[in-house]
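Step one of this worksheet: look at the structure below.
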Amino acid sequence: MIEPFVYYTPAAVAEAVQLLGQRSAKLIAGGTDVLVQMQEGLLSPEALVDISGIDALKGIREETEHVVIGAAATHHEVMEWAHNLPQYAALAEASGSVGTPQVRNIATVAGNLCNAVPSADLGAPVLLYNSSLTLASANGSRQLPAIEFFTGPKKTALLPGEMVLSIRLTAPPVGCASAYCKHGPRKASDLAMVGVAAMVGLDDNSAVTSLVIGLNAVAPTPILVQGCEQLVGQVMSLSLLDRCARMAAQQCRPITDYRAGAEYRRDMVGVLTKRALERCAAKLGKEVREDG
Amino acid sequence: MTKIHAAIVADTDQGVVGQSVPMVDACEKVTGKAIYGADVEMPGMLYGRVLRSPHPHAKILSIDAAEAQRLPGVRAVVTWADTSGELIGFSQYSDHYIFAKDEVRFVGDEVAAVAAVDEDTAHRALKLIKVEYEVLPAVYTLDEAMAPGAPLVHDVTPENIAHQITYSRGDVDAAFAKCDVILEETFETSPAHPAYIEPQACLAAFDAYGNADIYANTQSPGGSIREKTAQVLGLPLGKVRIHQTFLGGGFGGKVWQHIIPATAVLARKAGRPVKMMYSRREDLACTPSRVPMRMKLKMGADRTGRILAKETLVLADNGAYCINSPIVIDTAATRIENLYRFENIRTTAKLIYTNKVSTGTFRGFGNPQGTFMVESMMDMLAKELAMDPAQIRIVNAVHPGYVTAHGWKINSCELEQCIHEVKRISGWEEKRKANRFGYGIGMSCVIHVNGNRSCFPAFDGSTAYISMNESGEAMVMCAEGDLGQGASTVFAQIAAQEIGLPMESVRVLRVDTEYAGFAFGAFASRITVNGGNAVRHAAAAVRRALLETAAGMRGGDVDTFTIHQGIVTDGTGWSATVAEVSLQYIYAHAGTNLRCDGFFIPPDVVIADKVTKYGNISCAYSFAAHVAEVEVDKDTGKVEVLNYYAVHDAGKLINPMLAEGQIEGGVAQGIGFALYENYCYGTDGHMLNNSFLDYKLPTFKDVPKITTGFAQGCDPVGPMGAKGLGEPTIVPVASAIGNALADALGERITQMPFTAEKVKGVVRRVMAQAAKEGQA
C-alpha cells in the first residue's frame, strides 16, 4: 500500500528546490522507480515533487562542445535524438533497452542515474562522455563529475534537498562511435545481468584515436575500465579486442546472486566488451582486423 | 461491434462445427465489459487481506489480534478458530487448515485474515496482529528432507514422505538382460507458476439465512474448492453458491484456491461482503507451483530401437501441503508409460514434504515432468543406436486398439501421423543434416487424457442443459464453466450444430452453481469431450422437442420435419422459426421454457488401482508430436528457439482457430518452462523472485513462429469426433527444446531450466574437449 503523501507539480526549478528542501520529500519525474518502491513500502515520503512539468528541464540541447540532457528528458526522447548519431548510440541503445515502451515513454535518463542501482542501464553510457551533472538545491547549484555521482548501490552524492537539473556530456571527437551491449535472460524487458558501453575513435588506418569502456551491473556502481587510453594508436584488431575484454573482466567486481553467478558475469563482461567494440568499429565502417 | 458480430455469423451454411468462428465472448472481452474476479463489487463491500507466516517452519504460540480489531475501519479478524477446524486437502492426504492451527510450514502460510473498509486499513491492521512464534528447523530441498533424522515438516509423517507408489509390469530384470543398449540418467524439472495474468480474486457474501454467495475467478466453480469451502465453513454443500467470473487465465492454478474459503470465513464473521485480491507477489510466492521432480531413469532397447525395459525412481518436492500433488506425481510416473508400447516397467515415486510453498496442478498435471524424462531418454537411445529420433518413436508408438501397460485402451490415435506430419512441415530430414555446433533440432511426443476417472471417485462425466427462450435463443448452461480457453465457444458451436441454429441464436451462460449442475471444472483436458458431449446430448433432446412441437403445430409425422439455420420446415413448403416454435412450446406448457438436460458418462473407464495404478482412466486420449529448432549463442550461452512446429491429434476440430490458439499458448508457456522460469529462495526460505521483474516469463520477442498442424482423425467418443487440446500443447515443449539443445551441443543438459549460464558451462566444456582432441 502507498502511504498518503502530498503531490506537488512545480512549474519552475526554484519552486521545486524550495519544496524539496522543506520536508521529507522525494522527487519524481517518470516515477517508474519511486512509485514502485512506495508500493512495496520501501519508501514513504511525505511529499512527491513531480518535476516532469518544468519546461527548463525538458528535452536535449546540443551546444558547441556539449550536449545537455534535461532532468525531465525521457528514454524515448533520448532514443529519438541519438537515432542517427553514432557517437551517442550507446545512450540510445541503453535507453532503448530499459523496461518496455510504456516505461521508456515516461521514465527519464536522469531518474535512471538517481536510482543508482548497479544494473541501471544509463550509468556506463553516461560515463563515456566525461559527463558532469548539474545539481541544484535551495542553497544554489554545483557541477559534479558523473564518475563522482555514484557512491554505491542505490547511493549517490546528492545531498538532502538537492536535485539533478541536467546531465552535461562532452561532445566526443569527430569520427567516434559508441555502443551499448546488454545481457539478460530474454530478448527484452530485462534488467542488465551485465551491461557494457564503449566508445571508439578510429583513423583511416583503423588505428585507435580514442577508446573508453564503461561497465554496468558488475560493481557497486557503474565503472570505467582503466588503462584504455594507453591503447590509443593500436590497430583495431582481434588481439586488441581480447586485450580490452581481459582488462574489463579483470577490473569488474561482480557478485553472485539469484540472477547470475559472479564468474559468469565476469565472463560476459569480456564477451560484451568485444561485441560493443566490434559494433563501434562497424558503425565507423571499419572491420576488426585479423592479427598477424 | 458490428464487424465482430458479422464475423460470427459468417459462412455457417455448412454447419458451425469445424469453423473458425470467433470466441462467443470476444465482444465482452475486447470492449472491457467482461467482469473478471477483481471487477466484482457489492454494496457495503469490505476488503480482505491475509496475514502470512514470515517463517518457513514455526510453532504458533499465540495470536493477539486485539489491537488490530480496535483499528478504526476493521470489521473482522479471523483465524483457525473461526473455521470448522477440520483438516482439508486432497482426499486421504488432508494435511492442512485454511488458517494455520498451531504450526506454520512455509513462508507465506496463512495465519489470519482481516476485513476492513478499505485495502489500506486492512493492510495496516495486519501489522497490528501480534503472533508469537517458536521457530522450528526447516528443510528446503529433497536431499535435506530425505536425510536420515531430518526435521519433520509434519510430525505425523515419518521421513517426510507424503505419498509413495511402487508398481511393476512384466519381467523387468529379464527384459534388461535382453537389451542391446541400456542407458541411465537423472533428470530434474523446475517449479513453475501458472502465472495467469489475473491474480486470484474472490468476493464472498452471506444472506440472512447463512447461505454463502461467492464470486471467484475459479476454473472449477462446482468442483473441489466448493466442497472445501463448505467444509471450512461447516456448511452443507448446497449452502455454498459459487459464481464463475471471467478468468484472466488459470492453467491449473485456479482449480484449488485458498482465497475462496478464506474470503468466505471473513465475510461470515464481518457480516458484510468481502472482496480479496492477491498481489502478484503473494500469488507467485504463496499459491501452488508445478511440482518439481528429480527422476532417475534406466531404459533399455534392442538393436531395432524397440524399448524393452524401463526402471524409474521419481522424487517430487511437495512443498508444505498436499494440493492435488499425489495425483500429479502419479501422473508424472505413469502417463508417459502409455505413449509407447512399454511392457516391462518398474517404478517408484515418492512425494516429499519440504518447508516451501505447496506444489500442485499446472497445465499438464505432472505429464510435462515425466515426458521430459522419457522423451530425453528416447533421444539418448536413438543417438546410441544411430537412429533417427523420429524413427525410434515410430517403432515404439502405441496405436488404435493397443492396450497399454497400465490398461489404457487406446482408441483413436494418430500419433504416427503426427510424427510424419511434423517431420514434413519442419523439414526435419534436411535440417537434421546441418550438424553444426550451436544449432540443433529436436522432437518430442505426448499422450494426454481427456478427463481422469481417478480424480473424483464418486463419479465421472459432465452435465449441461439448454433452455429455449421466448425469442428462440438456446441458452446453454454447462456446469464445467469456461476458464478463458474457449469452452463457451465450443459449447455454442456444438449446440448450434446439433439443434440447427445459427451461432447468434446460442448463448452460453456463465456458471452459477445455484442453477448449474454439479461438475469438476476445467482440468485434465476434459471439457471438450465431457462438457461437449453433455451439451450435445442436451441439444439433441432440444432438437427433438422442437420438432415434436412443430409437428404438433402443423400436424404430420415428426420425422418429416427438420431444422436448419433456425428455421423449421416439413418439406411441404410450410415453415416456422425456432422462435415461433419455442414460444408455442411455452404457451402450451403454462409458461415453461423448453428445457432439456444432457449428461455424459465416459464409457469404459475405471478408477486406477490405488496400488498398481492399473486401469483405463480416460475415454479418449490425445496425441501430438512437436519439433523445436534452437540456436545457441556460443559466447553467452543464450538459447534462441528459431522455429517451432506442433502437430496434434485432437480428433475432428470443433474450431480450428481456437485449436491453433491453444497450441500457440501452450508452446509459449512451455518455452518459459524450458528456458527461464524457476523459483529462487533465500537461505531463510523466502522466495526471492516473486515478481515479474525476476520471475521470467517469455515475452513475445522470445516466442518464435509456431507452425501448427493437425492430424486427420476422428474420435468415436468425443463430440462430433473431437478430443481435448488444452494440456497436451505444453507437455512436450521442454523435452523438444532439450532434445534440440542436446543436438546443438552434443551434450545434454538434464536439469531445467536451460539458462544461458548453464548452457555456457556446457559450451565451454565441449569446446575445451574439442580443442584437446584437436591437439592430440
Counting only GluC sites (Glu not before Pro) that are in a DSSP loop and have at most 15 other C-beta atoms within 10 Å, tell me the longest site-free stretch of chain B. B:87-469
Using a 7 Å offset from the Cα along the Cα-to-Cβ direction at both B:Val30 and A:Val68, what is the distance between the two label points in nm, to one decimal? 4.9
Taking the Cα centre of region B:165-309 as origin and charging only Cβ (+1 Lys, Arg; -1 Asp, Glu), how large is the dipole, in debye to the nearest 20? 480
Taking the alpha-carbon centroid of each part, what is the distance from region B:435-494 to region B:122-160 in angstrom? 38
Ordered by residue, what ³J(HN,Hα) values in Hz, to whole numbers, does region B:137-151 give under the Karplus form 6.51 cos²θ - 1.76 cosθ + 1.60, where θ = phi - 60° and Gly and Pro are x? x, 10, 10, 10, 10, 4, 5, 4, 6, 9, 5, x, x, 4, x
The protein assembly as shown, accessible area per residue, ligands and nucleic acids excluded (1.4 Å, Å²): 37
Which value in nm describes the separation of the simple spin-label points at A:Ile106 and A:Arg61, placed 7 Å from the Cα toward the beta carbon? 2.7
Accessible area of region B:164-271 with a 1.4 Å probe: how many percent of it is carbon plus sulfur? 50
Per-residue average of Cβ from other chains inside 10 Å of B:693-702: 4
Cα centroid separation - region B:580-617 against region A:123-150, whole Å: 73
Calc'd 3J(HN,Hα), region B:226-233, phi into Karplus 6.51 cos²θ - 1.76 cosθ + 1.60 (θ = phi - 60°), Hz, glycine/Pro = x, comes to 5, 4, 5, 4, 4, 5, 5, 7
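Run the helix sum for chain A: -39,500 (n - 2.57) per DSSP H stretch of 4+ residues, divided by residue count, reported at 222 nm to the nearest 500 deg cm²/dmol.
-8500 deg cm²/dmol
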Quick one: if you stick a label point 7 Å off each Cα along the C-beta vector at A:Val232 and B:Arg341, how many nm between them? 7.7
For the protein assembly as shown, whose charge dipole is built from +1 on Lys and Arg Cβ atoms and -1 on Asp and Glu Cβ atoms, the candidate among B:Gly108, A:Phe149, B:Ile129 with its Cα farthest towards the positive end is A:Phe149
Return the Cα extents of chain B along principal axes one, two and three, sorted largest first, each rounded to a whole Å. 94, 71, 47
Can you list the HN-Hα couplings for region B:494-504, worked out from phi with the Karplus curve (6.51, -1.76, 1.60; θ = phi - 60°), rounded to whole Hz and with x for Gly and Pro? 5, 5, 4, 5, 5, 7, x, 10, x, 4, 6
With both bridge residues required to lie in chain B, what share of the DSSP beta bridges run antiparallel, to the nearest 5%? 75
Dipole size in debye (nearest 20) for the protein assembly as shown around its Cα centre, Lys and Arg Cβ +1, Asp and Glu Cβ -1? 1020
Principal semi-axes in Å for chain A [√(5λ), Cα gyration tensor, largest first]: 34, 21, 15
About the Cα centre, and with charges only on the beta carbon of Lys, Arg (+1) and Asp, Glu (-1), how big is the dipole of chain A? Nearest 20 debye, please. 500
For the B:Leu509, A:His83 Cβ pair and Förster radius 45 Å, calculated FRET efficiency rounded to 0.05 is 0.25
Set of aspartates and glutamates near B:Lys298 by C-alpha distance (under 17 Å), chain-local residues within fewer than 8 positions excluded: B:Asp171, B:Asp173, B:Asp180, B:Glu184, B:Glu185, B:Glu188, B:Glu311, B:Glu337, B:Glu343, B:Glu375, B:Asp379, B:Glu384
Residues meeting the amide H criterion for A:Ile28 (H placed from the backbone, H to H distance under 5 Å, 5 or more places apart or on another chain) are A:Val49, A:Asp50, A:Ile51
Using the Cα atoms of the protein assembly as shown to build a convex hull, what is its mean projected area in square nanometres? 48.3
Rounded, prolate or oblate for region B:170-290? Axes are the square roots of the Cα gyration tensor eigenvalues, ordered a ≥ b ≥ c, and the cut-off for rounded is a/c under 1.5. prolate
Could you pull out every one of the aspartates and glutamates with an alpha carbon less than 19 Å from that of B:Lys723, ignoring same-chain neighbours closer than 8 positions? B:Glu414, B:Glu416, B:Glu421, B:Asp460, B:Glu480, B:Asp482, B:Glu498, B:Asp604, B:Asp649, B:Glu660, B:Glu664, B:Asp715
Check which residues have an amide H placed less than 5 Å from A:Asn216's amide H, if you skip close sequence neighbours. A:Gly195, A:Val196, A:Ala197
Distance in Å, no decimals, from the C-alpha centre of region A:152-216 to the one of region B:670-690 is 31
Please give the direction-averaged projected area of the C-alpha convex hull for region B:497-588, in square nanometres with one decimal. 7.1
When the helices in chain B are scored as -39500 (n - 2.57) per DSSP H run of 4 or longer and the sum is shared across all residues, what 222 nm value do you end up with, to the nearest 500 deg cm²/dmol? -8500 deg cm²/dmol
Count neighbours as other Cβ atoms within 10 Å of each site's Cβ, and list the GluC sites (Glu not before Pro) in region A:1-78 that are DSSP loop with at most 11 such neighbours. A:Glu63, A:Glu65
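Once you've got the Cα coordinates, tell me which of B:Lys350/B:Lys652; A:Lys154/A:Lys187; B:Lys59/B:Lys758; A:Lys155/B:Lys130; B:Lys431/B:Lys638; B:Lys59/B:Lys613 are over 32 Å apart. Kindly include the intermediate steps, with their values, before the conclusion.
Numbers: B:Lys350/B:Lys652 38 Å; A:Lys154/A:Lys187 26 Å; B:Lys59/B:Lys758 39 Å; A:Lys155/B:Lys130 34 Å; B:Lys431/B:Lys638 21 Å; B:Lys59/B:Lys613 37 Å.
Going by Cα-Cα distance, B:Lys350/B:Lys652; B:Lys59/B:Lys758; A:Lys155/B:Lys130; B:Lys59/B:Lys613 fall outside the 32 Å limit.
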Taking the dipole about the Cα centre of region B:395-525, with the C-beta of Lys and Arg at +1 and of Asp and Glu at -1, give me whichever of B:Tyr439, B:Cys413, B:Gly517 is farthest to the positive side. B:Tyr439
Name the residues whose placed amide hydrogens come within less than 5 Å of the amide hydrogen of B:Leu46, ignoring near sequence neighbours (fewer than 5 apart) on the same chain. B:Val274, B:Lys275
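The values are calculated or read from the model by the stated rules, or taken from the named source; none is laboratory data. Because the structure is predicted, anything quoted here is derived from the model rather than measured. When we count neighbours, we look across all protein chains shown, and the Cβ atoms used for this are built from the backbone with ideal geometry, even at glycine. Accessible surface is based on the protein model in full, side chains and every heavy atom, while ligands, DNA and RNA are left aside. Shrake-Rupley method; radii C 1.70, N 1.55, O 1.52, S 1.80 Å.
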